[in-house]
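Read through the structure below, which is laid out as structure tokens, and then see the notes.
Here, each number is a calculation from the coordinates, and none is a lab measurement. Keep in mind the model is a prediction, meaning the values are calculated, not measured. Cβ atoms come from the backbone with ideal geometry, glycine included; neighbour counts cover every protein chain shown.
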Amino acid sequence: MSTLPRIKAAILDDYQNVALTMADWSPLDGRVDITVFNDHIDDVEKLIDRLKPFDVLCVMRERTPLTRDVIEKLPNLKLIASTGAANASIDLDAAAERGIEVRHTGYSSTPTIEFTWALILSMVRNIPLENQSFRQGGWQLSLGEELAGKTLGLLGLGRVGSAVGVIGRAFRMNVIAWSENLTAERAQEKGVQRVSKDELFSSSDLLSIHVRLSPRTHHLVGAAEFAQMKPTSRLINTSRGPIVDAAALVKALTSGQIAGAALDVYDVEPLDNPHPLRELPNLFGTPHIGYVSKELYRTFYGDTVRNIVQWLDETGRSSKV
């Protein structure tokens, strides 16, 4: 009986080294050789050299962009198994021109919604500072703030933004929202007040970003917007880094134009070290872990295994060797 060459698959950017424990990969036994990479490569030529042998790339969200320059130099690539319902960092046209399939997985916004509030609460109650003091043998250092009665501004009222607003109302906050296409009816349906963009920035005590990154939203929050904000207000971004002009944010935080910010996303990830954002005492930063939960990883990698098996069967690559 003739057999097909063994398929080679790479799991990219498995930072926590957990991919193989988050799903049952045994359906690929004897059919696919799997290589796991825990590190991240920024250099395009080095990335291409690493990925050339592989038929299948399992990518985690947008951690490694698969641009046209990359895709066109991977002669063996036949399948991109991406986590999430979509992936803006994959050049779909370049993949289609090469006959490379792109398959996606299920997704849940629950981790990001919950994590947004973890950032907010940590920031307003100075939890990182107090935890550091505690571990160093100290005691109380700061005064926290209550959320009740304050104004939560939502830049975007989609699936994540509207759910963040529900929790804001549970904290007895005044919740307002704006986005370019948001209607008063949609806002009322979600239990929040639609305001103008100017009012969103000038009135919010906490302003949380929940719009998609696109040419229209790139640097949507910049120097002009920070100038409208109160010196006591804070910014939270769990969406995408380039929505905020990072240079303008550094200036606003350094000058005291705004009181603070909590970021989980950045223009380039992993964030450079050193980087000005890592040094600011009024910035609470986390390494893009808003979506990183055991439950969602099980969905991501479980669906990835199923996508690869389905592709193997559909393309006739079902023989074991």
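Run the numbers for K251 and A224: contour at 0.36 nm per residue of separation, minus the present Cα-Cα distance, in nm.
8.5 nm
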Q. What 222 nm value per residue comes from the helices of the chain, counting each DSSP H run with n ≥ 4 as -39,500 (n - 2.57) and dividing by all residues, nearest 500 deg cm²/dmol?
A. -9500 deg cm²/dmol
Q) How far is the Cα center of region 1-44 from the Cα center of region 267-294, in Å? A) 27
Q) What trypsin sites (Lys or Arg not before Pro) does region 219-321 have in DSSP loop regions with at most 12 other beta carbons within 10 Å? A) K320
Q: Rounded to the nearest Å, what's the spacing between the alpha carbon centres of region 122-174 and region 298-318? Just the number, please.
A: 41
**Q.** Residues T110 and E145, FRET efficiency given R0 of 22 Å [Cβ-Cβ distance, rounded to 0.05]
**A.** 0.25
Q: Could you name the lysines whose alpha carbon sits less than 29 Å from that of K73, not counting residues in the same chain fewer than 8 places away?
A: K8, K46, K52, K320
Q: Please give the contour-minus-distance gain from E101 to R68: 0.36 nm per residue of separation, less the Cα-Cα distance, rounded to one decimal in nm.
A: 10.4 nm
Q) Between Q310 and N181, what length in nm is gained on full extension when 0.36 nm per residue of separation is reduced by their alpha carbon distance? A) 42.6 nm
